């Protein structure tokens, strides 16, 4: 509520302002200024009543107070609140409507807080097919949309605050949203803490987005993470995005299928991705500063044109350059090439990249349609992907360290590449051969402590060779094949201490596993699901919780000449091991000519779980069998020394969070207690021997 004196002073000031703001009214008619105050003493107590009484070109001044109404502005009017800090317009309770809905051209609205439209399609202010409006110095927070324009052109949105819009119930949550709206100016606004997007342009062209702050916009959904500071998508073209600050979002600035835009002079800090372009063409990026983002910069797509953007040397990622080569040949990029942050080679040939450290980008090194090139002795860590090859053939990736990435080294639609002597640790996935990539060799590499898999082959690919790799301590599978068929060869790999050893799933058919050592994996040593026609021979499968596990139509595999020993639980009753081989499917399985480390038929039979144990399971035929170790398989190993991890497992058994296993009953008293865990810990520290 205002006093009569303050209302009079306000009216004088606002009349002057209205003369400047109102454009395009009929100058032949005298404009009227109407006053609104919810406490009385003015022309009206409700804003909508003033709008209904006014004529085109009039001004409505609104005094301090809280107005509970939905205002439809259908005339050329100027609405001026005493200030967004003292004038609040709140949508009618339980309304799914807008606080302000503008359906006329040349409307000016300033000095209001517009809030409470939190239901589906609720807006602080909604411009519906209107032009030449000015929405400035308002607070449009805590709605579904803060400020929304639909089919509205040549408007100015300036100096507004649009924070905390959206919630997890509905799918529309933006601070400022332009849909099919062109030639608008979005300047000096703050769009923070919105549930999804700060500022979004959808199918909108020739707009200027300048000098805005869009921070902390994210959807708080760990399965989605698509919140953006500024999001430009769905064929939004010829927009200028300049001098904005975007921080602590999932994506700082994200262009998706949008072309011919200018992205200049923006600061993108502490986001998951700083600036990311996907399937976007002919955009100009200059003088952008990306720093302290999980991935500073990213460029991706699925055809040549998607990489055709102008990204010059004035863009910086953690103070370093985005280095792009397009159609280049015979270029060496090494430690003598100054200040490189990330490298993109598009349609190149015979490029050598070596002796560099490349961190905190979507990719350390990215090849698209690039051949006969090499990446040597590069440390590509803390990226989305350390080294990524897409539609790139006959390249050499050697002696690189790719740690702490989403994917250490990735190949998609890429053939005849050689990956040798690489280290891929502490990634989500160590190395991946994906999407119809064939005839590649991965050899002599280490993939350890990765979250989901050490080496992953997926997507209708064949004739790849995995040889002499050490794959250990991965949270998921050591090596997993999914939809990987036709003569992929896994040979002489050591796969140990993973959740699962080697897995073949979803029609991974006609592959060869030979000479591998698969040991001490906490679930299956070798796992087959819906996979047939594979040759699994001459492997050592030892000391896994399950040696072999087959389910889901995994028939007609050649499983022979393997040394299958000490898998599962040791049984005091039988003097042998249980769960060496489980056939959890209705199909029969041929497992003849294997060595089970015993010639005791009863022990062997007890170690196989098939129809004898469950009539729904198919039979496992193991006779004839080997009477001595298979000479073609790796040398038998004694059970490995206990580690601190074994002590932790013993403690889990002792407190009942894990089932009994005699392997950790080191004092042979028929139970696992904290004393066993202590003894195992001392063995691991070489304090005692047992």
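By how many degrees, between 0 and 90 and to the nearest 10, does the Cα long axis of helix 674-684 differ from the longest principal axis of the chain? That works out to roughly 80 degrees. Spacing of the modelled spin labels on residue 460 and residue 312, each 7 Å from Cα toward Cβ, amounts to 4.3 nm. Pairwise Cα separations in the stretch 479-555 fall into 5 Å bins from 0 onward with the following percentages, short to long: 4, 19, 29, 27, 18, 3. Pair-distance distribution P(r) for the stretch 72-311, from all Cα-Cα distances in 10 Å bins starting at 0: 9, 35, 36, 16, 4, 0 percent. A full extension of the chain between residue 352 and residue 675 corresponds to an added length of 110.6 nm, given 0.36 nm per residue minus the alpha carbon distance.
Computed on the chain, with alpha-carbon pairs under 8 angstrom and 6+ residues apart, the relative contact order is 4 percent. One equal scatterer on each Cα of the stretch 452-639, no solvent, Debye formula: the resulting log10 I(q)/I(0) at q = 0.15 Å⁻¹ is -0.78. One quarter of the surface of the convex hull around the alpha-carbon atoms of the stretch 310-371 equals 4.0 nm², the direction-averaged projected area. With neighbour counts taken as other beta-carbon atoms within 10 Å, the residues 228, 348, 295, 632 rank, fewest first, as 632, 348, 295, 228.
Calculated on the alpha-carbon coordinates, the convex hull of the chain measures out at 193 cubic angstrom per residue.
Expressed as an acute angle from 0 to 90° and rounded to the nearest 10, what is the orientation of the C-alpha long axis of helix 4-21 relative to the principal long axis of the chain? The angle comes out at about 80 degrees.
Taking 7 Å steps out from each Cα toward its Cβ at residue 489 and residue 628 produces label points 2.8 nm apart.
Using C-alpha pairs below 8 Å separated by at least 6 residues, the relative contact order for the stretch 644-684 is 45 percent. Note on the stretch 81-145 and the stretch 170-214: Cα centroid distance 15 Å, given to the nearest whole angstrom.
With Rg and the Kirkwood Rh both taken from Cα atoms, where does Rg over Rh land for the stretch 644-684? Value, to two decimals: 0.90. Ellipsoid fit via the Cα gyration tensor, the stretch 520-616: semi-axes of 20, 15, 13 Å, each the root of five times an eigenvalue, largest first. Compute the separation of the alpha-carbon centres of the stretch 58-78 and the stretch 433-498 and state it in Å as a whole number. If you average the Cα positions of each part, the centres end up 66 Å apart.
Does a label point 7 Å from the Cα of residue 338, set along Cα-to-beta-carbon, have any residues of the stretch 257-291 with amide nitrogen under 20 Å, and which are they? Zone members listed by number: 287-290.
Relative to the longest principal Cα axis of the chain, at what angle does helix 644-655 sit, 0 to 90 degrees, rounded to 10? Taking Cα atoms only, the helix is inclined about 80 degrees.
Run through all the Cα pairs of the stretch 233-295 and give the fraction in each 10 Å bin from 0, expressed as whole percent. Percent of pairs per bin, in order: 27, 54, 20. For a paramagnetic label modelled on residue 185 (point 7 Å from Cα along Cα→Cβ), amide N atoms under 15 Å away belong, within the stretch 122-162, to 132-137, 153-160. Using only Cα atoms, locate the centre of the stretch 222-268 and the centre of the stretch 328-406, then give the distance between them in Å, rounded to an integer. So the two Cα centres are separated by 26 Å. Using Cα-Cα distances under 8 Å and only pairs 6 or more residues apart, what relative contact order does the stretch 72-311 have, in percent? 10 percent.
Sorted ascending by nearby beta carbons within 10 Å, beginning with the fewest, 597, 98 become 597, 98. If each Cα of the stretch 225-335 is one equal point scatterer, what is log10 of I(q)/I(0) from the Debye formula at q = 0.10, 0.14, 0.17 Å⁻¹? With no solvent term, the Cα-only Debye profile gives -0.26, -0.51, -0.75. Taking the helices alone, the chain has a mean residue ellipticity at 222 nm of -2500 deg cm²/dmol, built from -39,500 (n - 2.57) per DSSP H run of at least 4 residues and averaged over all its residues. Please work out, to two decimal places, the log10 of the ratio I(q)/I(0) at q = 0.21 Å⁻¹ from a Debye calculation in which every Cα of the stretch 59-109 carries one identical scatterer. For the stretch 59-109 at q = 0.21 Å⁻¹, log10 I(q)/I(0) is -0.78. Segment residue 635..residue 444, full-extension length gain: 66.8 nm, with 0.36 nm per residue of separation and the alpha-carbon distance subtracted. With semi-axes defined as the square roots of five times the eigenvalues of the C-alpha gyration tensor, the equivalent ellipsoid of the stretch 319-442 measures 19, 17, 12 Å, largest first. Based on alpha carbons, the Rg and Dmax found for the stretch 381-469 are 11.3, 31 Å. With neighbours defined as other Cβ atoms within 10 Å of a residue's Cβ, the residues 392, 291 order from fewest to most as 291, 392.
Among 484-496, 192-204, 501-513, the peptide with the highest mean count of other Cβ atoms within 10 Å heads the list, and the full ranking is 192-204, 501-513, 484-496.
No value in this document is a laboratory result; all are computed from the given coordinates. Predicted model only: the values in this text are computed from it and were never measured. Methodologically, a virtual Cβ is constructed for each residue, glycine included, from the backbone with ideal geometry; neighbour enumeration extends over all protein chains shown.
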